[in-house]
Amino acid sequence: MRGVLFVVLLTFYAVDSYAEILPNLTWGRSVVKVMADSRTGRVSMGSGVVVAPNRIATNCHVTRSAQSITVIKGINRYKVSAQSVEMTKDVCVLHTQNLRLPSAKLGNVEDAEIGQQVFVFGFPGAVGLSMVRGVVSARYPYLSSWIVETDAGFMRGTSGGALFDVDGHLLGLPTFMMKDASGGHFYAVPTAWISQISKQQALPVAPLSGTTFWENQKLFLQRGDSVHNEN
């Protein structure tokens, strides 16, 4: 009888918890597709998230080879006129005009707790906007903030998208994955870096030089990870 009671209680708990963590799909309204082109054609495709009027945050590794950048949402296209760049942190803030999309609410990654639910929004591959559910697996202190690790496995094209908490606050940009014997580990850079870089002078769109912190193993995790892979 006690065993039956246990099962019943567990069932009610699971249903209640699931109801509390359903994502609000309207959060995805602030997430866009980012297309990077050279004079000879497309060089990269990723995601971005609106963080202020006419300002979109994305990863620099998405735009670093671009001579022109276009932000796409539905049937609308917006030309990027300039970008504020911090290549080492892999955060670029794109400048455009007449962007009629809501800005994401910036959260604080320092408030993120291990095990809390998170949601990754982005445009992987040739498909439309996607959402992946997961949890915060770990946090790593780095450059006066925190890198977030999540088990929400995202695919190539999601880089520069959005990592939201259960309240719809933007915690960071899904940026890269690393593989070891246990499988894939997925990481996001913090919103604190977005706020910092937004204040920097914007430069005309042009190919970028330098490498990101995660592309240089000496600059980041000393965990024995063997393979680095952009997403």
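The values are calculated or read from the model by the stated rules, or taken from the named source; none is laboratory data. Quantities reported herein were computed from a predicted structural model and do not represent experimental measurements. All Cβ positions, even for glycine, are placed from backbone atoms using ideal geometry, and neighbour counts span all protein chains on display.
Under the condition of being under 13 Å from the mean Cα position of the chain (by Cα) and under 26 Å from residue 77 (Cβ atoms), the residues counted in the range 98-118 number 2. A single entry from 43, 132, 62, 34 fulfils the requirement of being modelled with pLDDT of 95 or more, surrounded by 14 or more Cβ atoms within 10 Å (Cβ to Cβ) and in a strand (DSSP E or B): 34. Whether any residue in the range 147-167 is under 27 Å from residue 208 (Cβ atoms), basic (Lys, Arg), at pLDDT below 95 and in contact with a strand residue (DSSP E or B) (Cβ under 8 Å, 6 or more places away or on another chain) is what I want to check. Scanning the range 147-167, I find at least one residue that is under 27 Å from residue 208 (Cβ atoms), basic (Lys, Arg), at pLDDT below 95 and in contact with a strand residue (DSSP E or B) (Cβ under 8 Å, 6 or more places away or on another chain), so the answer is yes. When residues in the range 166-213 are screened for being buried (at least 24 other Cβ atoms within 10 Å of the Cβ), in contact with a helix residue (DSSP H, G or I) (Cβ under 9 Å, 6 or more places away or on another chain) and not hydroxyl-bearing (Ser, Thr, Tyr), 8 of them pass. Note on the range 147-194: among residues that are under 9 Å from the mean Cα position of the chain (by Cα) and in a loop (DSSP other than H, G, I, E, B), the one that is nearest to residue 125 (Cα to Cα) is 158.
Being exposed (fewer than 15 other Cβ atoms within 10 Å of the Cβ), of a type in the set (Gly, Ala, Ser), touching a residue at least 40 places away in the same chain (Cβ under 8 Å) and over 19 Å from residue 47 (Cα atoms): is that true of residue 144 here? It would help to see each step written out before you state the result.
Numbers: exposed (fewer than 15 other Cβ atoms within 10 Å of the Cβ): yes; of a type in the set (Gly, Ala, Ser): yes; touching a residue at least 40 places away in the same chain (Cβ under 8 Å): yes; over 19 Å from residue 47 (Cα atoms): yes.
So residue 144 passes the test.
Taking residues in the range 88-110 that are closer than 13 Å to residue 69 by Cα, and partners anywhere that are in a loop (DSSP other than H, G, I, E, B) and among the β-branched types (Val, Ile, Thr), the pairs with Cβ atoms closer than 8 Å and at least 6 places apart or on different chains are 94/80; 95/80; 96/80. Could you please let me know if residue 84 is more than 23 Å from residue 170 (Cα to Cα), touching a residue at least 60 places away in the same chain (Cβ under 8 Å) and surrounded by fewer than 23 Cβ atoms within 10 Å (Cβ to Cβ)? No, not satisfied. For residue 170, the conditions (1) at pLDDT below 90; (2) of a type in the set (A, V, I, L, M, F, W, C); (3) in contact with a Lys or Arg (Cβ under 9 Å, 6 or more places away or on another chain) are fulfilled apart from (1). Considering (1) assigned to a strand (DSSP E or B); (2) touching a Ser or Thr at 6+ places or on another chain (Cβ under 6 Å), the lone condition that residue 121 does not fulfil carries the number (2).
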